[in-house]
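Participant: Starting off with a structure, shown below.
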Amino acid sequence: MERKIVHVIGTGTIGEPLIGLLSDYRDQLGIDEVTFHKNSALRRDRSKVTDLLRRGARLSVDEGKEQEFRKLGIDPDLETEESIKRSTVVIDCTPKGVGHSNKVKYYEKFSDTVKGFLAQGSEDGFGKKYARGINDHALDSSDKFIQIVSCNTHNVSCVTNTLAVNADPDNLVEGKYVCIRRANDLSQTGSFIPAPQVGSHGDEKYGSHHAADAAGLFATMGMDLNLFSSAMKVNSQYMHVLWFTLKV
């Protein structure tokens, strides 16, 4: 029987807790092994990495960097390409743009052996857009590359699906949204702002990327929705607030 191996790339705000959850609930999820990739051997990250190893995950590093990790008392088990090739699923949790470069450098090379590659909301164009409970039926076995849309896009899509289009895809006339976002995450020390900051409309049709991504998500189900969003950051680390108006 084929072993189910989940490989997570990145140990930041999304990657670290995900690796921990997958490791802690490995048996309940039917996962045989959890591996993860760490790019840099940083002393400040030593406790984080050793905790993940203690919870049962296995470490993968780039070829030639093994000694840097051993100097910190951390012994890598796997090399980057080896860990991707042997995986059942690869989840990319790296910063914006890195997922795309990893796709070109590694993922396309091993798309015949790995069942699927998942990237986060910042990686527009990585693959088919997906939000749990919204377009599950739009996925099929031929979808090798999946982009998990952002948290705010999940919010926009969930509200729109539940209140406007779930029963009748032609029910929605227009949807308008304002995503009020935190400045940074609890685990982050940078990017904080002293006062609310209004975002620009980068897309003439959709406004901010949230409506554009939500429209792309619904397009996987054959819908062409009229959506427009704006975004602003506030000087807080609490979770987001969504204002919306739906015309049906």
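The values are calculated or read from the model by the stated rules, or taken from the named source; none is laboratory data. Everything numeric here is computed off the predicted structure, so don't read it as measured data. Positions of Cβ are backbone-derived with ideal geometry, glycine not excepted, and every protein chain shown enters the neighbour counts.
Participant: If I filter region 36-43 for residues that are within 24 Å of Ser122 (Cβ to Cβ) and of a type in the set (A, V, I, L, M, F, W, C), do I get at least one hit?
Facilitator: yes
Participant: Got a sec? Which of Lys129, Lys96 is outside any helix (DSSP H, G or I), in the same structural domain as Glu66 (by TED's automatic domain parsing) and closer than 26 Å to His240 by Cβ?
Facilitator: Within the list Lys129, Lys96, the selection yields Lys96.
Participant: Against the definition (more than 24 Å from Thr220 (Cα to Cα), over 16 Å from the mean Cα position of the chain (by Cα) and not assigned by TED's automatic domain parsing to the domain that holds Ala212), how does Ser111 come out, yes or no?
Facilitator: No, not satisfied.
Conditions (1) assigned to a loop (DSSP other than H, G, I, E, B); (2) on the phi > 0 side of the Ramachandran plot; (3) surrounded by fewer than 18 Cβ atoms within 10 Å (Cβ to Cβ), marked per residue:
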residue: Thr11; (1), (2), (3): yes, no, no
residue: Glu16; (1), (2), (3): no, no, no
residue: Ile19; (1), (2), (3): no, no, no
residue: Ser23; (1), (2), (3): no, no, no
residue: Asn39; (1), (2), (3): yes, no, yes
residue: Ser47; (1), (2), (3): no, no, yes
residue: Leu52; (1), (2), (3): no, no, no
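Participant: Could you count how many residues in region 110-130 are over 17 Å from Asp213 (Cβ atoms) and touching a residue at least 24 places away in the same chain (Cβ under 8 Å)?
Facilitator: Here is the first cut: in region 110-130, the ones over 17 Å from Asp213 (Cβ atoms) are 110-117.
Retained after the next criterion (residues that are touching a residue at least 24 places away in the same chain (Cβ under 8 Å)): 110-111, 113-117.
So the answer is 7.
Participant: Check region 66-73 and report whether any residue there is part of a loop (DSSP other than H, G, I, E, B), basic (Lys, Arg) and under 20 Å from the mean Cα position of the chain (by Cα).
Facilitator: Taking every residue of region 66-73 in turn, none turns out to be part of a loop (DSSP other than H, G, I, E, B), basic (Lys, Arg) and under 20 Å from the mean Cα position of the chain (by Cα).
Participant: Take the residues of region 197-248 that are assigned to a loop (DSSP other than H, G, I, E, B) and at pLDDT below 90: which is farthest from Asn135 (Cα to Cα)?
Facilitator: Across region 197-248, the extreme among qualifying residues is Asn235.
Residue by residue, here is whether (1) at pLDDT below 95; (2) in the same structural domain as His209 (by TED's automatic domain parsing); (3) of a type outside the set (Gly, Ala, Ser) holds:
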site: Asp32; (1), (2), (3): no, no, yes
site: Arg43; (1), (2), (3): yes, no, yes
site: Lys85; (1), (2), (3): no, no, yes
site: His100; (1), (2), (3): no, no, yes
site: Lys103; (1), (2), (3): no, no, yes
site: Tyr106; (1), (2), (3): no, no, yes
site: Gly116; (1), (2), (3): no, no, no
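Participant: Among the residues of region 197-205, are any without any contact (Cβ under 8 Å) to a residue 24 or more places away in the chain and either within 15 Å of Cys179 (Cα to Cα) or not assigned by TED's automatic domain parsing to the domain that holds Asn166 (or both)?
Facilitator: Taking every residue of region 197-205 in turn, at least one turns out to be without any contact (Cβ under 8 Å) to a residue 24 or more places away in the chain and either within 15 Å of Cys179 (Cα to Cα) or not assigned by TED's automatic domain parsing to the domain that holds Asn166 (or both).
Participant: Of all residues being over 19 Å from the mean Cα position of the chain (by Cα) and under 18 Å from Val114 (Cβ atoms) in region 74-103, which is surrounded by the most Cβ atoms within 10 Å (Cβ to Cβ)? Just the residue, please.
Facilitator: Out of the qualifying residues, it is Ser83.
Participant: Take the residues in region 182-219 that are surrounded by fewer than 17 Cβ atoms within 10 Å (Cβ to Cβ) and among the hydroxyl-bearing types (Ser, Thr, Tyr); name whichever of them is farthest from the chain's Cα centre (by Cα).
Facilitator: The qualifying residue farthest from the chain's Cα centre (by Cα) is Ser200.
Participant: In region 173-196, which residues are touching a helix residue (DSSP H, G or I) at 6+ places or on another chain (Cβ under 9 Å), part of a strand (DSSP E or B) and closer than 30 Å to Arg44 by Cβ?
Facilitator: Arg181
Participant: Next up: Please find, within region 136-146, the residue that is surrounded by the fewest Cβ atoms within 10 Å (Cβ to Cβ) out of those that are in a loop (DSSP other than H, G, I, E, B) and not small (Gly, Ala, Ser). Don't jump to the end; show me each part of the working.
Facilitator: As a first pass, look at region 136-146 and keep what is in a loop (DSSP other than H, G, I, E, B): 139-144.
Checking the rest, the ones that are also not small (Gly, Ala, Ser) come to 139-140, 143-144.
Details: Leu139: 13, Asp140: 7, Asp143: 14, Lys144: 15.
Of everything passing the filter in region 136-146, Asp140 is surrounded by the fewest Cβ atoms within 10 Å (Cβ to Cβ).
Participant: Hey, can you tell me all the residues within region 116-135 that are out of contact with any strand residue (DSSP E or B) (no Cβ under 8 Å at 6 or more places or on another chain) and either surrounded by fewer than 21 Cβ atoms within 10 Å (Cβ to Cβ) or of a type in the set (Lys, Arg) (or both)? So that I can check it myself, show each step before the final result.
Facilitator: Within region 116-135, the first condition is being out of contact with any strand residue (DSSP E or B) (no Cβ under 8 Å at 6 or more places or on another chain), and the residues that meet it are 122, 132-134.
Correct list: Ser122, Arg132, Gly133.
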